[in-house]
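The values are calculated or read from the model by the stated rules, or taken from the named source; none is laboratory data. Just so it is clear, the structure is predicted and the values come from calculations on it, not from any experiment. All Cβ positions, even for glycine, are placed from backbone atoms using ideal geometry, and neighbour counts span all protein chains on display. Only protein heavy atoms, including side chains, enter the accessible area calculation; ligands, DNA and RNA are left aside. Shrake-Rupley method; radii C 1.70, N 1.55, O 1.52, S 1.80 Å.
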Amino acid sequence: MELNDPTLAHHGGRRKKLAASVAAVLMLCMAAATGVAPRNAYLDPRAPRQQERLHLPDLREQLEKLTDATATYIHEAPMQGGDTIASLLKRLGVDDPDAQEFIRRNAAARNLFNLEPGQVVLAEVDQDNLLVSLRATLDGNVSASRELVIERAGDLDEPAFKAIVRAVRNELRHEMRSGIIAAGGFFRTMDAANVPDEIVRQMLSIFSGVIDFHHDIVAGDRFRIVYEAGFRDGAVVRNGRVVAVELINRTQPYQALWYPADGSHAGAYYTFDGRSMARPFLRSPVEFSRMSSGFGWRNHPLHHRWVQHKGIDFAAPTGARVQATGDGTVDFLGRQTGYGNIVILRHDGGYSTCYAHLSQYAGIRPGQRVTQGQLIGYVGQTGWATGPHLHYELRFHDVPQNPLSVMLMEPETLAGPTRQRFLSYTSDLLSRIAVLRSLDVAAGGNRNLVR
Ligand SMILES: [Zn+2]
C-alpha cells in the first residue's frame, strides 16, 4: 500500500498511480474474500483459484474522493535572492510543470517575484507533489496585507490555475523589547536586541526634542519599548507604531506613550503623566551631529575678532542630511554673503529658522510647505566656513534667539476629562512597560541578551 507516500510520486503518473492504489485496496478486499478458498490454492501458485468478485458500489469513487480530500501537504520556504520560479517551487516540494508554466505567464502570479528575500511562501501539494494552492503575503500596512493566492482550478486531465490578489486582515500584536545599552553603543545594542531599524528611527524621532542619542546615551542606560506589528501566518508583515517607550538615561527617565486622536486632540506622543512630547522645534537640524559652536560671543575663526555668533554650529560631514526643525514654509533659498547656500523657513508665531553653508538643497522651492523632520538640504562649506558644518539660526521677528532656550518652551499638558481618557487608554500600555521592568529585575540584567 502506498496510498499516501509522496516520496514515490512522479508528475504525470498520478492518475495511473491512483488507479493502482485503488486496485491495491480492491485486491486486499479480494484477498480477504478468497481467504475462505482451499488452503492449497495458496501453497501452489499454479493451482486453480476460485475468485469471487466483490461488488462494492462506488468504492473507487469514494476512495478517489478520500485521497483527494486528505492527502495534501503544506510546505513553506523563504524567498531567496536570485530565486527563479523553478528553484522556488523545488524548495517548496512542488513538481508540477503546469503550475510552473502558469506562474511564468500569469501577471498576478508573477507578483511572487516582487517578494523580498526572506519572505515566506506557502505551498499546498498533493501526494504527487502537484500544486494544490500557493500563498504569499505581498505587502500592506500594519493592519492589512495584500495576499497572493494561486489555486488549481481545473481537474487533473486539464490542469488549470487561477491567481488572485486579495486584501486580508493582519493579526495586530504588541511586540516588546527591553535591554541595557552595551559598551558598543546605542545602535549596536538596538541591533542586538532585535529592534527593527524603523522602530529605532521612530524612537529617535520621539525623543529628538529631548535626547541626543549620539552623545547623551551611555552604557548601562536602559530601554523598554512596545510597538505594534502586523502578523500573517505567524510572521511579521509590517512593523507599526511605537506605542510606549521608556529610556533611563543615567538616572533620568524619558517616557512616551502614543495616544490616538480623541476629537479635540490629534494623535501624538505624551509622557506617561500626560504632557505632550511635541516640540515646535527639533533640537538638532542635523541627525547624528554634535554642536561645535554655541550661541553668543566668540572669537570668529576666520576674522579673528570677537563677534556675536547668531546661531549654533553643528559639525557634520559634507552631504549629511539637514532637516527642517519645525513645520513651516520655505521663505528663501539661495546664496547670501557669508552664509553661502542658505534655506530660510518661516514658522507660526513669528519664528523663522536658517540653515547655512549648504552644499545642496533637497528638492524644495520657495513657498513650499515643509514638515518637521523633512529633508531640506545637505551639509557643506559654502560661504565663510573653515570646514563643513551647518550654521543654524532661530529668529523671532527676525531677531536671532538662542535656539536652545526656545526649544525649552513648555509643552501642553492634558487636563480634565481628556486627561482621564488618556489615563484609562494608556493603562494597558503602562502595564506592558511594567512587565518589561520586572523582567529586568528577574533577569538581573535584561531579556534580550544585550550586554
Ligand atoms: Zn555659525
Residues being farther than 20 Å from Asn170 by Cα, open to solvent by less than 10 Å² (accessible area, probe 1.4 Å) and polar (S, T, N, Q) - total across the stretch 119-150: 1
Elements of type strands (runs of 3 or more DSSP E) in the stretch 174-262, at least 2 residues being closer than 25 Å to Pro403 by Cβ: 235-249, 252-259
The stretch 353-374, subset within 16 Å of the ligand (Cβ to nearest atom) and under 17 Å from Phe281 (Cβ atoms), residue surrounded by the fewest Cβ atoms within 10 Å (Cβ to Cβ): Cys354
Pair list, Cβ < 6 Å and 6+ apart or interchain, from the stretch 321-350 residues that are closer than 13 Å to His391 by Cβ to residues that are among the aromatic types (Phe, Trp, Tyr) and buried (at least 18 other Cβ atoms within 10 Å of the Cβ): Val322/Tyr355; Val343/Tyr355
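Here is a yes/no grid of residues against (1) at pLDDT below 85; (2) surrounded by fewer than 16 Cβ atoms within 10 Å (Cβ to Cβ); (3) assigned by TED's automatic domain parsing to the domain that holds Gln119:
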| residue | (1), (2), (3) |
| --- | --- |
| Glu198 | no, yes, no |
| Met203 | no, no, no |
| Phe223 | no, no, no |
| Asn239 | no, no, no |
| Arg250 | no, yes, no |
| Tyr269 | no, no, no |
| Phe295 | yes, no, no |
| Arg305 | yes, yes, no |
Qualifying residue in the stretch 435-448 (condition: open to solvent by less than 80 Å² (accessible area, probe 1.4 Å), over 30 Å from Gln360 (Cα atoms), of a type in the set (Ser, Thr, Tyr) and modelled with pLDDT under 85): yes
